[in-house]
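Chemist: One structure is given below, represented as structure tokens, and several questions about it will come after.
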Amino acid sequence: MRPTLMRALRHGCGLVICLSAISCGGGGSTLSAPPPPVIPPGSNVVDLVVSGGPNGNSVNSLFTTVTVCVPGSTTQCQTIDNILVDTGSYGLRLLVPPLTLSLPVLAAADGNALLECTVFVDGYSWGPVAAMDVLITGELASSVPVQLIGDARFPTVPSDCSSTGAVAENTVATFGANGVLGIGAFVQDCPDCAASAIPAFYYSCTPAACTNTAVALASQVQNPVPFFAIDNNGIIITLPAVAPAGAATVTGSLIFGIDTESNNQSGSQTVLALQTSGANAGGVTTIYNHQTLSASFIDSGSNALYFNDPGIAQCASSQFAGFYCPLMTSTYDATIQGANGISVPVTFDVGDAQTLPQSYTAFPGLGGTSSIAGSFDWGLPFFYNKRVATAIEGFTTSAGTGPYIAF
């Protein structure tokens, strides 16, 4: 199994959003807390699984299943599995090859087709925006704009999009999932795009050419959770602990709503307010190794703990370039601080990336270096053995008003 560093998705509001990497490893983190409770089934609960994904080679990637329909239809629907669950982005993005529905493309302000460029550190994804009904367990979001990645109707990619990344990630094989469900702490994926056209984001396209365009908030790719009827103020992810040596698979739950049902009450978790503006909107601060890392974030879509520590040996093998391979698993301490000044101490383990068995898809002791200055990316392993709640900006719970993260 060949790990690859996570892909960071950059959006126009200055956000840094991380998606799962293809065939990759993960770091581990543990907090001194009891195991997550057993979640009673309900119409607001959907199963989660850490698995190898559609390509069979992913590590620490969290997947679920969604059903999408032609708006207003109950018969023109399709259920799609292996959708990556990502608390660090906003909106549903589907790879077109597995999608069988015929969906008209939304129009830009000038009447041409509306397309979006999704930029990663190691590549980009390109595709139009279409409206569809999104059904997850018993929750329905109607006529939500969704990006269709790899749509053959629009093969020509603008140069300011394609030049931002070396690899086109427009197929399941290159993307590592059938789609991404972005359910982070904000609604739209690019609020600044409503005011002006920003390079390498939204485009107005004809068959001959595409030009950058501003896009009204209502037409942007959007987090579907706020459009649910009731359980719409946030989400909770609960996952069990994973043995230090890893596991073949891990199952958990995604719960919609906070304090809206008997199974999603806030409890006594610590609430960390998220930053609401600037380059790290949606992020937190991490204090680690005598450094204050103000560009940090907590993200289920990243498959490892990504941070820089020259004192931890990196892997010598080119197959594991960028990952840590210490001689023995060691425990480290850090502090995560919210925008409200509240801090939580966290301990995490880093082990040898090369020891993960080929048949395992969850590894809580794998860390990697970060290409984002001043950051600590608390990826999926942070979520193991935790109940992590994310409240959406402007929505209220008994623990406060979002955006916040609580665990």
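Chemist: Before rounding to the nearest 500, sum -39500 (n - 2.57) across all DSSP H runs of length at least 4 in the chain and divide by the residue total; then give [θ] at 222 nm in deg cm²/dmol. Show your work: numbers first, answer last.
Modeler: Working: 2 runs with 8 residues, N = 407.
Dividing the helical sum by the residues of the chain leaves -500 deg cm²/dmol.
Chemist: Additional query: Let me cross-check Glu169: its accessible surface, 1.4 Å probe, with only protein heavy atoms counted, in Å² to the nearest 10?
Modeler: Here the accessible area works out near 10 Å².
Chemist: Rolling a 1.4 Å sphere over the protein heavy atoms, what is the accessible area per residue of the chain, to the nearest Å²?
Modeler: On the way: 14390 Å² over 407 residues.
Dividing the accessible area of the chain by its residue count gives 35 Å².
Chemist: Non-local amide H neighbours of Asn82 (under 5 Å, H modeled in plane, Pro and chain starts lacking H): which ones?
Modeler: Here Thr64 satisfy the definition.
Chemist: Let me ask another. Once both labels are modelled 7 Å past Cα along the beta-carbon direction, what's the Ala152-Asp192 spacing in nm?
Modeler: Modelled inter-label distance: 3.7 nm.
Chemist: Next up: Test of understanding: extend the Cα→C-beta vector of Thr171 to 7 Å, then name every residue of the range 57-98 with backbone N under 19 Å from that spot.
Modeler: 57-58, 94-98
Chemist: While we're on this one: Could you give me the percent of Cα pairs per 5 Å distance bin for the range 303-343, shortest bin first, beginning at zero and ending with the bin that holds the maximum distance?
Modeler: 5, 17, 23, 22, 12, 9, 7, 4, 1
Chemist: Whole angstrom only: what separates the Cα centroid of the range 113-128 from the Cα centroid of the range 131-186?
Modeler: A separation of 8 Å, based on Cα centres.
Chemist: How big is the C-alpha Rg of the range 31-180 next to the rule-of-thumb value 2.2 N^0.38 Å, as a ratio? Don't skip to the answer; put the middle values down first.
Modeler: Numbers: Rg = 16.7 Å, N = 150, 2.2 N^0.38 = 14.8 Å.
So the range 31-180 has a normalised radius of gyration of 1.13.
Chemist: With all pairs of different alpha carbon atoms counted, what Kirkwood hydrodynamic radius in Å does the range 296-407 show? Write down the numbers at each step before the final one.
Modeler: Details: mean 1/r = 0.0651 Å⁻¹.
Taking the inverse mean of 1/r over all distinct Cα pairs, the range 296-407 comes out at 15.4 Å.
Chemist: Follow-up. Report the convex hull volume per residue for the range 149-220, counting only C-alpha atoms, in Å³. Before the final figure, lay out each step's value.
Modeler: On the way: hull volume 8.4 nm³, N = 72.
Per-residue hull volume (Cα only) is 117 Å³.
Chemist: How large is the Rg to Rh ratio of the range 172-213 when both quantities use alpha carbon positions and Rh follows Kirkwood?
Modeler: Numbers: Rg = 13.9 Å, Rh = 12.9 Å.
That ratio is 1.08, to two decimals.
Chemist: In 10 Å bins starting at zero, report the fraction of Cα pairs in the range 335-394 per bin as a rounded %.
Modeler: Histogramming the range 335-394 at 10 Å steps yields 15, 43, 32, 9, 1 percent.
Chemist: Highest mean first, what order results for 284-294, 233-243, 377-387 on Cβ atoms within 10 Å?
Modeler: On the way: 284-294: 18.0, 233-243: 21.8, 377-387: 27.3.
So the peptides 284-294, 233-243, 377-387, ranked by packing, come out 377-387, 233-243, 284-294.
Chemist: Using the Kirkwood formula over every pair of different C-alpha atoms, what hydrodynamic radius in Å results for the chain? Show your work: numbers first, answer last.
Modeler: Working: mean 1/r = 0.0479 Å⁻¹.
In the chain this quantity evaluates to 20.9 Å.
Chemist: Can I ask one more? By what distance, in whole Å, do the Cα atoms of the range 188-260 stretch along each of the three principal axes, largest value first?
Modeler: 53, 35, 21
The values are calculated or read from the model by the stated rules, or taken from the named source; none is laboratory data. Note that the coordinates shown come from a computational prediction; the quantities given were computed from them, not determined experimentally. All Cβ positions, glycine included, derive from the backbone under ideal geometry; neighbour counts span all protein chains shown. Ligands, DNA and RNA are stripped out before the accessible areas are found, and what is left, the full protein with its side chains, is counted by its heavy atoms. Shrake-Rupley method; radii C 1.70, N 1.55, O 1.52, S 1.80 Å.
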